[in-house]
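Bear in mind these aren't lab numbers, they're just calculated from the coordinates by the rules spelled out. Here the structure is a predicted model, which is why all the values come from computation and not from measurement. When we count neighbours, we look across all protein chains shown, and the Cβ atoms used for this are built from the backbone with ideal geometry, even at glycine.
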Amino acid sequence: MAPDPTAPILLFDSGIGGLSVLAELRKLLPQAPVIYAADNRGLPYGTKTEAQVAARVAGLLGRMTERFGPRLACIACNTASTIALGMVREVLELPVVGTVPAIKPAAALTHTGVIGLLGTSATIRQAYVDNLETEFAQGKRLIRHAAPDLVGAAEARLRGEEADPEIYAAAARGLRAQPDGERIDTVVLACTHFPLVQEELAKALGPDIRFVDGAAGIARRIAFLTQGQDFVREKEDFAVFTANGEDLALLAPALAGYGLTDHAIF
Ligand code: DGL
């Protein structure tokens, strides 16, 4: 059965990282109604245990699906996807698109054969990432580094605040200081927050680094799964947050830039 044309696409992240996915989705489906959900009460996910992340994501997505009746949910967060995508797909009766570290396209791009991967602490230790490496980066070297401080830096940037440049320098050092690190020519941004600070990372890592993230691929997957469906935007798109706070007013201008003109607390 075709979905209600006003049914939204639900994009879910712990914070504002999923906006990097929303930007790509707007290019392909500008007419699609979107609800952007940020579990800012649970932010950051990257320093939590697998059980904590899985419980939050499955519980919240279940309740949000009931409340908002989306036609499709996207977990626009690598940490949540690499931990809980399978479980969420089992419990929700709608298509669920996840976010997978873009190791496959990075392996196709690298000339030196050395790929860097920046993610959260939780993401870089997942078997999901080991499997992607085995499947797509045979014969290449994948150097992983957990850069949880970049999450806060991206959040700050969208509030219009400057983050300490040392955060970017430390992320670059974390990759470069590992064996073969100086030969990295391609960096996977395996956290949806990180494309939002790509410029700063580019400065810290030096020239000629190519960055790869999953946002455009996720948008294509959503467009594919909804092809042939009608989209009617009845009211302006909005964001929902799981915690209230002064920072939400500071985020409002950036949210508006992504077409999210209002926000509510869930
Ligand atoms: N945006 C999330 C990701 O892609 C991580 C942010 C967090 O640590 O909550 O992994």
Report, in debye and to the nearest 20, how large the dipole of the chain comes out about its Cα centre when Lys and Arg carry +1 and Asp and Glu carry -1 on their Cβ. 540
Give me the dipole magnitude in Debye, nearest 20, for region 70-205 about the Cα centre, with unit charges on the beta carbon: positive for Lys and Arg, negative for Asp and Glu. 300
HN-Hα J couplings of region 109-119 from phi, Karplus 6.51/-1.76/1.60, θ = phi - 60°, integer Hz, Gly and Pro as x? 8, 5, 9, 7, x, 10, 10, x, 9, 10, x
What residues have an amide H closer than 5 Å to that of Cys74, excluding those fewer than 5 places away on the same chain, when H is modeled at 1.01 Å from N in the peptide plane? Leu10, Leu11, Phe12, Val97
Under the rule rounded for a/c under 1.5, else prolate if a/b exceeds b/c, else oblate, using alpha carbon gyration tensor axes a ≥ b ≥ c, region 107-266 is classed as oblate
Estimated dipole of region 142-266 in Debye, rounded to 20 [Cβ of Lys and Arg +1, of Asp and Glu -1, Cα centre]: 500
Can you give the calculated 222 nm mean residue ellipticity of the chain, where each DSSP H run of n ≥ 4 adds -39,500 (n - 2.57) and the sum is split over every residue, rounded to the nearest 500 deg cm²/dmol? -13000 deg cm²/dmol
Can you list the aspartates and glutamates whose alpha carbon is less than 15 Å from that of Lys27, not counting same-chain residues fewer than 8 positions off? none
What angle, in degrees between 0 and 90 and rounded to the nearest 10, separates the Cα long axis of helix 166-176 from the longest principal axis of the Cα atoms of the chain? 60
Put in order of increasing Cβ neighbours within 10 Å, starting from the fewest, Asp230, Asp149, Asp213, Asp208 give Asp208, Asp230, Asp149, Asp213
By a straight-distance test (C-alpha under 26 Å), which lysines pair with Lys203 as possible cross-link partners, with residues fewer than eight away in the same chain excluded? Lys104, Lys140
